[in-house]
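To start, the structure itself, in structure tokens.
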Amino acid sequence: MGLRRAVLRQNAHSWYLTVVQILLGLTLVIDLVFHRDMSNRWLLWLLLVVCVGGACLVFIWGAQLPVAVGLVGVAVFLTAQCYFLSLADDAQSVLSSVQEFPLVAFYLGWFIRPRWAIPLIGLGTLFFGAVMAFNPLFFPEGKLGPPIAVHGLLVLLFCFFAGSFLWHRNARAASTDLLTGVRTRAAFLSDLEARMRSRGANRVSVIAVDFDGLKQINDTQGHAAGDRVLQETTHQWRQLLRSEDIIGRLGGGEFVIALPGATLRSAREIDDRLRAASPFAWSSGVTVARTGESAEHLLNRADAELYKVKRKTGRRYVG
């Protein structure tokens with residue numbers, strides 16, 4: 001049961017770090033067994049202990065593992081790789097180091113934010129390239145030659161960009177509603193908070209929207225019909241709104257629109273224009289941010305205005 005609970009605690013980040021450290025540990029074991037004439041066996045034993053201990057700690061920590069731990073591991077790996085790449089009299093260790101490039105590159109691309117990952121992979125590539133450039137093994141007449149160095153660096157960059165593609169795809173999935181393509185609640189709040197900081201809190205208005213009769217459409221015409229209502233309407237909104245305006249989906253037929261720079265009056269006019277252009281009906285509550293207010297509190301106030309409207313007889317209330 002303990003092992004089962006540990007497995008359930010894992011996420012992609014912890015699994016990757018655990019497996020990578022096990023794989024690195026296996027390469028160290030192979031070097032220790034078959035590479036008997038190397039002079040730095042103590043360093044291999046030290047790295048093996050770090051890999052095995054790190055894999056166990058990561059597996060125990062599971063999804064609670066901070067990304068900072070992974071960055072520390074990357075720093076250790078980069079330092080060790082630079083050392084092994086500099087060994088002019090040990091072609092086997094140098095080649096093993098080159099073969100391990102993809103592991104850290106893919107990790108940096110997939111799990112680390114681009115603002116940290118890009119400088120790290122850039123520095124790593126520069127350091128690896130510089131070390132190999134001064135190692136006689138990579139000279140044209142050397143045992144390994146320039147092609148090994150070039151291929152190693154190209155694979156390093158390829159794996160980084162492959163991981164980066166996964167990072168961006170995961171980030172998009174987490175921040176974008178799959179049905180309508182608008183922002184999720186968390187992503188909307190983050191964007192709204194940024195707009196409120198940059199423009200001043202009292203220069204941002206919000207429209208909270210709840211589609212009328214969506215449940216009836218789903219029950220009588222099927223969920224595909226209800227989905228089309230949401231897709232067509234949000235597409236229309238994007239055509240009519242400005243590029244800096246933000247649309248978010250809170251769930252079901254509940255949406256919210258942030259209008260940076262809009263006063264209460266102009267937000268009301270935008271709401272009327274959107275409603276007039278849409279064949280589908282909705283209830284809405286409009287409000288403007290207050291000085292010192294958080295994005296979450298502003299959203300809650302807009303939602304409260306919306307439900308005031310829904311308790312009335314179809315009349316839109318503007319607060």
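The values are calculated or read from the model by the stated rules, or taken from the named source; none is laboratory data. Every value quoted in this text rests on a predicted model; they were computed, and no experiment measured them. All Cβ positions, even for glycine, are placed from backbone atoms using ideal geometry, and neighbour counts span all protein chains on display.
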Query raised in the report: Across the stretch 165-190, what is the number of residues that are at pLDDT below 90 and part of a loop (DSSP other than H, G, I, E, B)?
Result: 1
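Name the residue, out of 265, 311, that is among the charged types (D, E, K, R), modelled with pLDDT of 90 or more and over 20 Å from residue 193 (Cα atoms). Talk me through it step by step, then tell me what you get.
Working: 311 fails: modelled with pLDDT of 90 or more.
265 is the lone residue from the list that is among the charged types (D, E, K, R), modelled with pLDDT of 90 or more and over 20 Å from residue 193 (Cα atoms).
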Report task. Looking at (1) at pLDDT 90 or above; (2) among the hydrophobic types (A, V, I, L, M, F, W, C); (3) under 27 Å from residue 32 (Cβ atoms), find the lone condition where residue 126 falls short. Result -> (3)
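Any idea which residue in the stretch 41-56 is nearest to residue 25 (Cα to Cα), counting only those that are surrounded by fewer than 18 Cβ atoms within 10 Å (Cβ to Cβ) and in contact (Cβ under 8 Å) with a residue 12 or more places away in the chain? Working first, answer last.
Filtering the stretch 41-56 down to residues surrounded by fewer than 18 Cβ atoms within 10 Å (Cβ to Cβ) leaves 41-43, 45-46, 49, 52-53, 56.
From what's left, in contact (Cβ under 8 Å) with a residue 12 or more places away in the chain: 43, 45, 52.
On the way: 43: 13, 45: 10, 52: 7 Å.
Here the residue is 52.
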Query raised in the report: Do you know which of the residues in the stretch 170-223 that are under 12 Å from residue 258 (Cα atoms) and of a type in the set (S, T, N, Q) is surrounded by the fewest Cβ atoms within 10 Å (Cβ to Cβ)?
Result: 190
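Just one of 75, 105, 117, 80 is in contact with a Cys (Cβ under 7 Å, 6 or more places away or on another chain) and either buried (at least 18 other Cβ atoms within 10 Å of the Cβ) or without any contact (Cβ under 8 Å) to a residue 12 or more places away in the chain (or both); which is it?
Numbers: 75 fails: in contact with a Cys (Cβ under 7 Å, 6 or more places away or on another chain); 117 fails: in contact with a Cys (Cβ under 7 Å, 6 or more places away or on another chain); 80 fails: in contact with a Cys (Cβ under 7 Å, 6 or more places away or on another chain).
Only one candidate qualifies: 105.
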Report task. Sort out which residues of the stretch 280-313 are in a loop (DSSP other than H, G, I, E, B) and in contact (Cβ under 8 Å) with a residue 12 or more places away in the chain, and write them in order of number. Result -> 280, 281, 289, 290, 291, 292, 293, 294
Report summary line: From the option list 35, 13, single residue qualifying as in the same structural domain as residue 124 (by TED's automatic domain parsing) and touching a residue at least 60 places away in the same chain (Cβ under 8 Å) is 13
**Report entry** Qualifying residue in the stretch 27-42 (condition: more than 19 Å from residue 92 (Cβ to Cβ) and not in a loop (DSSP other than H, G, I, E, B))
**Finding:** no
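Could you name every one of the helices (runs of 4 or more DSSP H) located completely within the stretch 191-279 that has at least 2 residues being touching a residue at least 12 places away in the same chain (Cβ under 8 Å), in the same structural domain as residue 305 (by TED's automatic domain parsing) and within 20 Å of residue 291 (Cα to Cα)? Show your work before the answer.
Details: elements: 214-221, 223-240, 264-277.
Passing ranges, in order: 264-277.
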Requested in this report: Look through 117, 162 and report the one residue that is at pLDDT 95 or above, small (Gly, Ala, Ser) and closer than 23 Å to residue 76 by Cα.
Outcome: 162
Requested in this report: Give me a count of the residues in the stretch 96-137 that are under 19 Å from residue 154 (Cα atoms), of a type in the set (A, V, I, L, M, F, W, C) and out of contact with any Gly (no Cβ under 9 Å at 6 or more places or on another chain).
Outcome: 10
**Report entry** Residue that is nearest to residue 187 (Cα to Cα), among those in the stretch 271-301 that are surrounded by 21 or more Cβ atoms within 10 Å (Cβ to Cβ) and aliphatic (A, V, I, L, M)
**Finding:** 295
Query raised in the report: Can you tell me which residues in the stretch 130-151 are closer than 12 Å to residue 95 by Cα, surrounded by fewer than 18 Cβ atoms within 10 Å (Cβ to Cβ) and more than 37 Å from the chain's Cα centre (by Cα)?
Result: 143, 145
